[in-house]
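The values are calculated or read from the model by the stated rules, or taken from the named source; none is laboratory data. Since the model is a prediction, treat every value here as computed from it, not as a measurement. Heads up, the Cβs are rebuilt from the backbone with ideal geometry, glycines too, and the neighbour counts pull from every protein chain shown. Ligands, DNA and RNA are stripped out before the accessible areas are found, and what is left, the full protein with its side chains, is counted by its heavy atoms. Shrake-Rupley method; radii C 1.70, N 1.55, O 1.52, S 1.80 Å.
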Amino acid sequence: MATGRNLALQALLGGGIAGIDVRTPNVARMYDYYLGGKDNFAADREAAERVIAAAPVTREIARANRAFLGRAVWFLAGEAGISQFLDVGAGLPTRENVHQVAQDTNPAARVVYVDNDPVVLSHARALLATNTQTRVVLGDVRKPGDILTDPDVRDLLDLSQPVAVLLVAVLHFVPDHEDPYGAVRALVDAMAPGSFLVVSHVEYRPELVGAVKPYQRANAPAVGRSLDDIGRFFDGLELVSPGLVNVREWRPDGPILTARLEPEVPFFAGVAVKR
């Protein structure tokens, strides 16, 4: 599987890479850089470093969010008994991916990753080439109808049965004029009773305005939201304990991916069930 450095070298040597823009910072590849990954290009690293300079806690945010994702999936696949997962805006594969945590906990678990980045798709498909219970599809959270009608989604997941929809660190890349609340509502409306919605999102804070600016030149702008506005994504659902909390405070004593003591991070998350 090619690394970001291999891909960047190919681009520099001429010809470019079909479908991949290496000059525009990409939010998935910036996140990969925050986590210490290598699947990113110079433009991604430069933009990410500007974010880190404005908000040194950025790397801790990424690590805390990743740990939350693992604990949430462990809860869903274990205690909640969920065997179907739809991970929208999945991002680049790293350690302890959703399918690995879910299938280690529940071997029958089926996972569909959705992303609109060709680098994400190529890496994920290579990783999952022999995993028949996991698929990767092209899709965009802003177009939930396309996701819900995608043949691979419909083939692997039975939406008449409970499913966990994961929107982890993705909704703050959808500004209000692109109707993120409507997109989430469309996904929730398609979920069967007993399904779960997982959301994590950056909190708006005046001191983070400088950290948001580099994203204006990326493939998606970043939008901080108040805690009340983040909570609106769960309208009509029942939050499970401990509710909408800082990511490092969401069940931090789980048996896997236990959160270490990070600095306070402006990132909130919740898991809610549809009754």
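For first residues located in segment 65-79 and among the β-branched types (Val, Ile, Thr), partners that are in a helix (DSSP H, G or I) and lie 6+ apart or on another chain with Cβ distances below 8 Å form the pairs 73/98; 73/101; 73/102; 73/105.
Candidates are the residues of segment 33-44 that are out of contact with any Pro (no Cβ under 9 Å at 6 or more places or on another chain) and in a helix (DSSP H, G or I); the one that is nearest to residue 120 (Cα to Cα) is 33.
Checked against (1) among the hydrophobic types (A, V, I, L, M, F, W, C); (2) open to solvent by less than 10 Å² (accessible area, probe 1.4 Å); (3) modelled with pLDDT of 95 or more, residue 265 meets all criteria but (3).
Quickly run through segment 183-231 and pick out the residues that are assigned to a helix (DSSP H, G or I), open to solvent by less than 30 Å² (accessible area, probe 1.4 Å) and small (Gly, Ala, Ser).
Selection gives 183, 211, 231.
Applying the criterion of being open to solvent by 60 Å² or more (accessible area, probe 1.4 Å), outside any loop (DSSP other than H, G, I, E, B) and within 19 Å of residue 101 (Cβ to Cβ) to the residues of segment 115-158, the residue that is modelled with the lowest pLDDT is 127.
Within segment 62-105, the set of residues being open to solvent by 30 Å² or more (accessible area, probe 1.4 Å), of a type in the set (Gly, Ala, Ser) and touching a Lys or Arg at 6+ places or on another chain (Cβ under 9 Å) comprises just one member, 83.
Among the residues of segment 48-61, is any open to solvent by 20 Å² or more (accessible area, probe 1.4 Å), among the small types (Gly, Ala, Ser) and assigned to a loop (DSSP other than H, G, I, E, B)? Scanning segment 48-61, I find no residue that is open to solvent by 20 Å² or more (accessible area, probe 1.4 Å), among the small types (Gly, Ala, Ser) and assigned to a loop (DSSP other than H, G, I, E, B), so the answer is no.
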